[in-house]
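Below is one structure; the comments refer to it alone.
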Amino acid sequence: MYLGLDFGTSSVKGVLIDARQKLVASASAPLKVSRPHPGWSEQNPEDWWKACNTVVKALSKLRPKAVAAVEGIGLSGQQHGATLLDRDGKVLRPCILWNDARSFRECEDIMNREPRAVPLAGNIPLAGYTAPKLVWVKKHEPKTFARVAKVLLPKDYIRLRMTGEYASDMSDSSGTFWLDIAKREWSKLLLDASGMSIDQMPKLYEGTDATGRLTAQVARAWGMPKRPVVAGGGGDNASAACGIGAVTDNAALVSIGTSGVMFVSNDQFRPNAGRMVHAFCHAVPGTWHQMGVILSAAASLEWLAGILGAPAPKLTAALGKTLTGPSPALFLPYLSGERTPVGDAQVRGLIMGLGHESDHKTLTHAALDAVAFAFRDSLEALKDAGTEVKRVTAVGGGSKSELWLRIIATVLGLPVDLPAAGDVGGAFGAARLGLIAATGADFRKVLTAPKTARTIRPEARARDAYEEHYRRYAKIYPAIKEIYR
């Protein structure tokens with residue numbers, strides 16, 4: 001048996017699979033985000049550990065013999081979070097999350113301090129990345145900064161609690177702005193640019209490597225007498241890609257979660273920093289990937305649901321499944337700033353084109369359109385980097401909305417595949433990595449693509465109207481960015 005644990009922003013999810021990769025059981029536990037100031041986003045690392053234990057206990061209750069037979073565990077996690085530890089491994093402050101925007105000025109500090117940083121990293125430092133967060137802490141919380149002995153990403157803090165090892169994988173570490181991504185090793189130059197040292201970094205592994213075993217204490221508490229190995233694992237999107245077998249050149253997925261990602265696997269490092277394409281290491285050896293990243297995908301719909309006082313599924317259900325054209329309103333979904341293609345942590349969203357006739361359907365439809373348009377921005381940026389995308393596989397909670405997938409397929413002009421029944425998300429990908437770490441199996445034979453349940457194709461009758469609407473959407477940010485400031 002193999003366990004995959006996915007540490008997201010809103011929940012921790014766990015899945016159990018057997019040696020044939022059949023899903024045996026799953027469980028989840030919720031998490032909350034703290035926003036003590038505008039633009040801030042934090043979580044208490046202890047909450048991750050409590051939620052992790054809740055998930056394992058739930059799985060044990062469902063399938064006690066299966067949990068007792070676990071031999072390998074894989075970890076998937078939200079990227080970029082700065083978990084600061086002292087020399088005793090104690091947490092110094094709440095973790096600053098991926099969607100925290102406070103350190104936008106510190107990005108400029110890094111680039112001014114080290115002009116070679118962007119060519120080396122292949123990415124432009126963004127407020128969501130880990131490095132600018134540490135520069136911010138150094139400026140604003142110097143006493144805390146002086147005590148930082150290690151910096152861990154969220155899933156790697158859980159690894160520490162599980163195994164006692166300070167370790168990370170290549171894909172997750174790519175989002176720190178401290179990794180030489182082409183060489184797959186920590187960069188002294190990039191660390192120096194933010195006042196950090198290699199001693200403060202965890203040891204690097206491939207996502208398929210074993211990084212240690214459960215401590216005897218945790219193994220007893222979890223009812224796992226075999227003390228399973230813990231794989232390197234991956235960042236959430238790389239793990240999701242492992243879940244659908246997107247580990248070959250140009251294999252692509254679109255992830256509609258809290259954030260949104262257009263993900264393409266590459267056989268070489270292909271940066272396009274100018275358009276804010278994230279070029280990172282994949283969770284498997286000798287492989288890289290590109291991502292166009294939207295900070296508020298399903299989060300935009302959830303925000304609107306909160307404003308309208310109705311659950312998101314109810315709002316989308318009211319629109320039906322037939323697609324005839326876009327909403328008359330235009331929504332810019334930059335609620336936490338945006339990454340691809342603008343890289344602007346300060347800008348915020350807007351809705352335009354409202355009239356007396358506008359209602360909850362107008363706004364809901366506009367939100368769905370907006371996320372599709374943001375994915376189109378990412379697709380265009382990937383094309384500029386020389387990447388050809390012919391079709392995408394949809395994953396994430398938003399992929400349950402048929403209408404949303406029809407909109408996305410139409411706006412992208414690409415077929416969207418839906419995997420056959422079964423979990424293919426980050427937790428499943430992590431479980432697969434746990435299997436590889438425990439057995440030494442060839443990742444190419446394990447990380448295969450699932451069968452396609454069905455394919456949603458672009459709606460020809462709505463294509464021209466959506467193309468015209470996208471062109472309007474693309475003009476919004478250039479028109480407002482200076483007005484907003």
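The values are calculated or read from the model by the stated rules, or taken from the named source; none is laboratory data. The model shown is predicted, which means the values in this text are computed figures rather than measured ones. Neighbour counts run over all protein chains shown; Cβ positions are idealised from the backbone, glycine included. Only protein heavy atoms, including side chains, enter the accessible area calculation; ligands, DNA and RNA are left aside. Shrake-Rupley method; radii C 1.70, N 1.55, O 1.52, S 1.80 Å.
Structural remarks
- For the stretch 232-342, the fraction of 1.4 Å probe accessible surface lying on carbon and sulfur atoms is 55 percent.
- Nearby lysines by direct alpha-carbon distance to LYS150 (threshold 16 angstrom, same-chain neighbours under 8 apart not counted): LYS90, LYS133, LYS138, LYS188, LYS203
- Of all accessible heavy-atom area on the stretch 348-485, the percent that carbon and sulfur account for (1.4 Å): 50
- Expressed to the nearest 5 percent, the antiparallel share of DSSP beta bridges inside the chain is 70 percent.
- Placing a label point 7 Å from the Cα of LYS50 along the Cα-to-Cβ line, the residues of the stretch 92-117 whose backbone N sits under 15 Å from it are 94-95.
- Of the solvent-accessible surface of the stretch 4-148, computed with a 1.4 Å probe and all protein chains present, 51% belongs to carbon and sulfur.
- Hypothetical label at ASP86: residues of the stretch 130-163 whose amide nitrogen lies under 12 Å (7 Å Cα-Cβ projection): 144-149
- Computed with a 1.4 Å probe over protein heavy atoms only, the accessible surface of the chain comes to 39 Å² per residue.
- Distance in nm between pseudo-label sites at GLU468 and ALA453 (7 Å out along the Cβ direction from Cα): 3.5
- Options LEU433, THR455, LEU382, ranked by Cα towards positive dipole end of the stretch 329-485, top entry (Cβ charges): LEU433
- Extension gain for the segment LYS314 to GLU357, taken as residue separation times 0.36 nm less the Cα-Cα distance, is 13.5 nm to one decimal.
- Per-residue ellipticity at 222 nm from helix content only, as computed over the chain with -39500 (n - 2.57) for each DSSP H run of at least four residues, stands at -11500 deg cm²/dmol.
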